[in-house]
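We did not get these values from a lab; they are worked out from the coordinates using the rules stated. Keep in mind that what you see is a predicted model, and the values were worked out from it rather than measured. All Cβ positions, even for glycine, are placed from backbone atoms using ideal geometry, and neighbour counts span all protein chains on display.
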Amino acid sequence: AGPEKKSRVVSEHERKLTAYHEAGHAIVMHALPTHDPVHQITIVPRGGAGGMTISLPTEDRSYQSKRYMEEQIVSLLGGRVAEKLMLGDISTGASNDIQRASQIARKMVTAYGMSEKLGLMALSTVSNPYLDGSTMMNCADSTSSAADEEIHKLLMDCYADAKNILVEHRALLDEIAMYLLSKETITGDEFMAYVNADSKK
């Protein structure tokens with residue numbers, strides 16, 4: 001993501017928004033059974049990002065299950081949900097998350113046959129894998145519209161799942177965000193200490 005930009009002047013409102021955004025990602029990631037463990041959370045800017053939540057895989061994966069991909073989408077939307085839930089507003093900080101979530105959802109529906117409505121049908125193909133890797137839809141316009149509806153439904157269902165997690169762990173969300181505002185970075189072990197303490201309340 002690039003080197004830390006500690007010299008960048010960030011407003012207190014933006015720091016708070018970033019803290020809740022990243023805390024939202026981390027809490028949702030932890031709550032999902034198939035997601036990789038949280039390794040670090042930071043609100044120190046890097047590259048074009050205001051902060052980041054890093055998870056590290058515990059095993060190599062040759063294939064991804066439908067459940068795993070759905071939970072990837074849920075975790076990507078956790079930041080946007082946290083912004084709306086805790087600050088009553090949303091920002092452009094989630095643009096990359098939304099783009100990645102949309103790409104996963106689109107592949108699930110159009111390439112991997114994971115839509116219950118459209119079934120076992122590959123609706124898209126990679127036009128040229130050696131250039132930009134863009135895809136082409138190989139179906140009728142009506143089917144393409146139905147695919148868009150399925151993609152939107154999948155994203156909104158995952159958004160609802162992320163929201164349910166953060167509503168349940170709202171106090172923990174506050175605690176992690178406040179820690180980030182104070183220390184800027186929290187390790188995976190420190191994060192788990194907060195999670196374990198929250199589970200005992």
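General observations
- Estimated dipole of the chain in Debye, rounded to 20 [Cβ of Lys and Arg +1, of Asp and Glu -1, Cα centre]: 220
- Amide hydrogen proximity for Ser55: with H placed 1.01 Å from N in the peptide plane, the residues at 5 or more positions away or on another chain lying under 5 Å are His39.
- Highest GNM mean-square fluctuation among His25, His169, His13, for the chain modelled with Cα contacts below 10 Å: His13.
- Taking all Cα pairs closer than 8 Å and separated by 6 or more residues, the relative contact order of the chain comes to 26 percent.
- For a straight C-alpha distance cut-off of 26 angstrom, the lysines reachable from Lys66 (same-chain residues fewer than eight places away being disregarded) are Lys107, Lys117, Lys153, Lys163.
- Per-q log10 I(q)/I(0), the chain, q = 0.07, 0.08, 0.09 Å⁻¹ (Debye; single scatterer per alpha-carbon; no solvent): -0.23, -0.30, -0.38
- GNM result for the chain, Cα springs below 10 Å: residue of Asp161, Asp97, Asp60 fluctuating most strongly: Asp60
- Residue-averaged [θ]222 nm for the chain, counting only DSSP H segments that reach four residues, each worth -39500 (n - 2.57): -19000 deg cm²/dmol
- Take the Cα of Lys201, step 7 Å toward its Cβ, do the same at Glu59, and the gap between the two points is 3.3 nm.
- Computed FRET value (nearest 0.05) for Tyr68 with Asp174, which takes r as the C-beta separation and R₀ as 25 Å: 0.30
- A Gaussian network model of the chain, with springs between Cα atoms under 10 Å, assigns the largest mean-square fluctuation among Gln64, Gln40, Gln103 to Gln64.
- Each of Pro45, Val167, Gln72 was placed along the dipole of the chain (beta-carbon charges, centred on the mean Cα), and the one lying farthest toward the positive end is Pro45.
- Around Asn164: net Lys/Arg minus Asp/Glu count, Cβ-Cβ under 15 Å: -1
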